[in-house]
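Working notes, beginning with the structure itself.
What follows draws every value from the coordinates through simple rules; no lab data is involved. Fair warning: this is a prediction, and the values are worked out from it, not measured in the lab. Cβ coordinates were reconstructed from backbone atoms using ideal geometry, including for glycine residues, and neighbour counts include every protein chain displayed.
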Amino acid sequence: MYFSHSNLFRVSLFEFRISASLGNGSKVELFFNLKLPFVETEFIKRGNRVFAMPLFETYMFVDWSARNNLSPKNPTKDSIWVGEFSPDSNELNEKYFRGRWECFDFIVDRLLCHFKQNHRILLGFDFAYGYPWGLASALYLPTGRRAAWWNIWTEISSRVVDDENNTNNRFIAASQLNGIVGSDNCGPFWGAPVGQGTDVLRSNSPGFPFKAQNDVELERLRITEIRLPQVQETWKLYGAGSVGGQSLVGIPYLLRLRRYVDFAQKSAVWPFETNFTATPTPPRGPFVVHAEIWPGVVKNAVAWIADNQTNTIRDQIQVRAMCQWAAGLDLQNELGRLFDTPEGLDESQLRACIEQEGWILGAL
């Protein structure tokens, strides 16, 4: 189900002011003042040309779900929503999905469409793309600059089964991973509904730092999660805020997107493949940058919209706000700093983030 907002820069979220001046009766300059709850900028527009250097032409954000059955036909909360905005069309679309297969096919179709237009696309899902440093070693996987994160993704993808009815085996997959890590404390993954726990997957946290049988110690949180205190740990699979379950069923889809034949040579996962850089895109598209997101970075905008549109589903609001946030920052040349090297990280922390842990866009 589509929800479309035409003339994005004229919806009630924005205050819009135009002034015009004529020089010798031959030139018109339009000055726009865009006021958002989360960004404010001024720029000059002459004709159809906007004097800014954006990193992207399209922004797509996904509010994911690990739901173990298809969502209702009518839009509902705690389901999958995709927000999409291309400034050149001046239209923001939000689409609801009953299942992950349907959502994946839609994303592929939209990326193919944008590739035909040579767009550079920012694509973000709201689950963890990485795990605390050491998981690759604890799973006896090859490590290194270009190996650890990819091998973790591949290992997870080889164990998670997710069918067209949205039925998945994430608790079985987590039990298998725990069995490889091995420990009397049954971890590091934890959390399962009644009847789906196992001898190596318990309902309670095993405690952290967690020591694997090969003496690798795993922390409870990634470095980026420490910067955003309300973010849940990736090990937690069940219960309120259990992003870990979404990650287990989401990473296989990310890997498929990254390896999709039409995108494989024209996409990169930030910061694993791009490093931390203010310019993660090439000068021209088509190209996809995959970036982990967390809607909490736009919580003020989400609250503002929710207060003014009380019948709108919060997940839908979140993907809308993420699109507006990223596009607004990009228009004023501020988005690049969020892709750049975070402040206060030493060399070992930078290595951990680039090789295994990743980073959340907007965590400073």
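A straight chain from Tyr260 to Lys77 at 0.36 nm per residue would run longer than the Cα-Cα distance by 62.9 nm.
Here are some pairs, Lys116/Lys299; Lys266/Lys299; Lys95/Lys299; Lys77/Lys299; Lys73/Lys116; Lys236/Lys266; which of them have Cα atoms lying more than 25 Å apart in this structure? Beyond 25 Å between Cα atoms: Lys116/Lys299; Lys266/Lys299; Lys73/Lys116; Lys236/Lys266. Extent of segment 152-239 along its three principal axes (Cα atoms, max minus min coordinate, largest first): 36, 30, 28 Å. Each residue, Asn275 and Asn214, gets one label point 7 Å from its Cα in the Cβ direction; the gap between the two is 2.8 nm. Per-residue extension of 0.36 nm, minus the Cα-Cα distance of Arg337 and Thr198, leaves a gain of 45.6 nm for this segment.
Ranking Glu217, Glu164, Glu102, Glu84 by Cβ neighbours within 10 Å, fewest first, what do you get?
Ranked by crowding around the Cβ, least crowded first: Glu164, Glu217, Glu102, Glu84.
By its C-alpha gyration tensor, with a ≥ b ≥ c as the square roots of the eigenvalues, how is segment 67-196 shaped: rounded for a/c under 1.5, else prolate for a/b larger than b/c, else oblate? Oblate is the answer for segment 67-196, as a/c is 1.5 or above yet b/c matches or exceeds a/b.
When only Cα pairs below 8 angstrom with a gap of at least 6 residues are kept, the chain shows a relative contact order of 22 percent.
Ordering Gly296, Asn311, Gln176 by the projection of their Cα atoms onto the charge dipole of the chain, which places +1 on the Cβ of Lys and Arg and -1 on the Cβ of Asp and Glu, puts Asn311 at the extreme positive end. Backbone phi angles across segment 295-308, fed through the Karplus curve with coefficients 6.51, -1.76 and 1.60 (θ = phi - 60°), yield HN-Hα couplings of x, x, 6, 10, 4, 5, 5, 4, 4, 4, 5, 4, 5, 9 Hz in residue order; Gly and Pro are listed as x.
Across segment 152-239, C-alpha contacts under 8 Å between residues 6 or more apart give a mean separation that, scaled by the residue count, equals a relative contact order of 22 percent. Counting Lys and Arg as +1 and Asp and Glu as -1 over every other residue whose Cβ lies under 13 Å from the Cβ of Gly241, the net charge comes to -3.
What FRET efficiency, computed as 1/(1 + (r/R0)^6) with R0 = 35 Å and r the Cβ-Cβ distance, is obtained for Leu364 and Val161, rounded to the nearest 0.05? It comes to 0.40.
From the square roots a ≥ b ≥ c of the eigenvalues of the alpha-carbon gyration tensor of the chain, which class results: rounded (a/c under 1.5), prolate (a/b over b/c), or oblate? Prolate, since a/c reaches 1.5 and a/b exceeds b/c. The sum of -39500 (n - 2.57) across all DSSP H runs of n ≥ 4, divided by the residue count of the chain, sets its helix-only mean residue ellipticity at 222 nm to -8500 deg cm²/dmol.
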